[in-house]
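Structure first, commentary second.
The values are calculated or read from the model by the stated rules, or taken from the named source; none is laboratory data. These figures come from a predicted structure and were not determined experimentally. Positions of Cβ are backbone-derived with ideal geometry, glycine not excepted, and every protein chain shown enters the neighbour counts.
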Amino acid sequence: MTFRTKSGELSLKSLYASHISANLAPEKRDQQIVDHIARLLAEVQKEIARSNLDWEEAKPLLRPQLAPSEYLRKGPILSFPFLDDVLVALVLDFPESYAFVTNEDGKA
């Protein structure tokens, strides 16, 4: 299952892959699922919070982030060339996670 947001995708693929490879006891698997869903919900909350930020609120959260150039295929992130296969993207650095700034965000 994949959830699409403005900044990309939130997927259960990694949970499934780690489930298969970890061979955990049932109670540990349950906790792994709870933790993964909590991270997904944090991403959704972050997405909502980001959509409500004005420039003055967003400015102190902005950070440069080196990323593979292939990240441009995931969505229109605000970025600048750095090396052949590396770019510098802007992210909003939240306490529990970060979100890439999209081109649309940069126009606002």
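Counting just the residues of region 54-67 that are surrounded by fewer than 12 Cβ atoms within 10 Å (Cβ to Cβ) and modelled with pLDDT under 90, which one comes out farthest from A99 (Cα to Cα)? Top of the filtered list is E56. The residues of region 79-98 that are over 14 Å from the mean Cα position of the chain (by Cα) and surrounded by 12 or more Cβ atoms within 10 Å (Cβ to Cβ), listed by number, are S79, F82, V86, L87, V88. Within region 69-100, if we keep just the residues that are in a loop (DSSP other than H, G, I, E, B) and free of Cβ contacts under 8 Å to residues at least 60 places away in the same chain, the residue that is farthest from H36 (Cα to Cα) turns out to be D84.
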